[in-house]
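A short write-up of the structure that comes next.
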Amino acid sequence: QAQLEESGGGLVQPGESLRLSCVASGIFVNWYSMGWYRQAPGKERELVATRNTDSRAKYADSVKGPFNIDRYNVKKTVYLEMNSLKPDDTAVYYCNDQLGSQNYWGQGTQVTVSS
């Protein structure tokens, strides 16, 4: 049974940084695309960033530049480095591992950006 466990969320002020981590178990992550999505109150879940098995990265336009996604297959971990955070980045952030129809989600970690 696959499990994804996120950590690193919290409350920060505008302009500050956070680093989210997601550790997978029960799957061979080398075969999976690994990424992050977020859902703000009253909005649909949206893509933040993904990094495929060939290490190509994809970012939402709203986070290009300040955000960086990295994956370390040996550690079964995907990271999301978030810099220059803005109040609009406030959301629950979800880790996602995907391979074809296999789609696994973490439980989510809250990120709140507020002064």
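A few points about this structure:
- Considering the stretch 87-105, and only residues there that are more than 11 Å from residue 9 (Cβ to Cβ) and small (Gly, Ala, Ser), the residue that is surrounded by the fewest Cβ atoms within 10 Å (Cβ to Cβ) turns out to be 101.
- Checking each residue in the stretch 69-86 for being open to solvent by 20 Å² or more (accessible area, probe 1.4 Å) and in a loop (DSSP other than H, G, I, E, B) picks out 76, 83, 84, 86.
- Checking residue 41 against (1) within 26 Å of residue 86 (Cβ to Cβ); (2) modelled with pLDDT of 95 or more, the condition it does not meet: (2)
- Residues located in the stretch 4-16, provided they are open to solvent by 80 Å² or more (accessible area, probe 1.4 Å) and within 18 Å of residue 74 (Cβ to Cβ): 5
- Pair list, Cβ < 7 Å and 6+ apart or interchain, from the stretch 92-106 residues that are assigned to a loop (DSSP other than H, G, I, E, B) to residues that are modelled with pLDDT of 95 or more and of a type in the set (Ser, Thr, Tyr): 106/94
The values are calculated or read from the model by the stated rules, or taken from the named source; none is laboratory data. What you see is a predicted model; the values in this text were computed from it and never measured. For neighbour counting, all protein chains shown are included, and Cβ atoms are generated from backbone atoms with ideal geometry for every residue, glycine included. When the accessible area is computed, the model is the full protein with side chains, heavy atoms only, and any ligands, DNA or RNA have been set aside. Shrake-Rupley method; radii C 1.70, N 1.55, O 1.52, S 1.80 Å.
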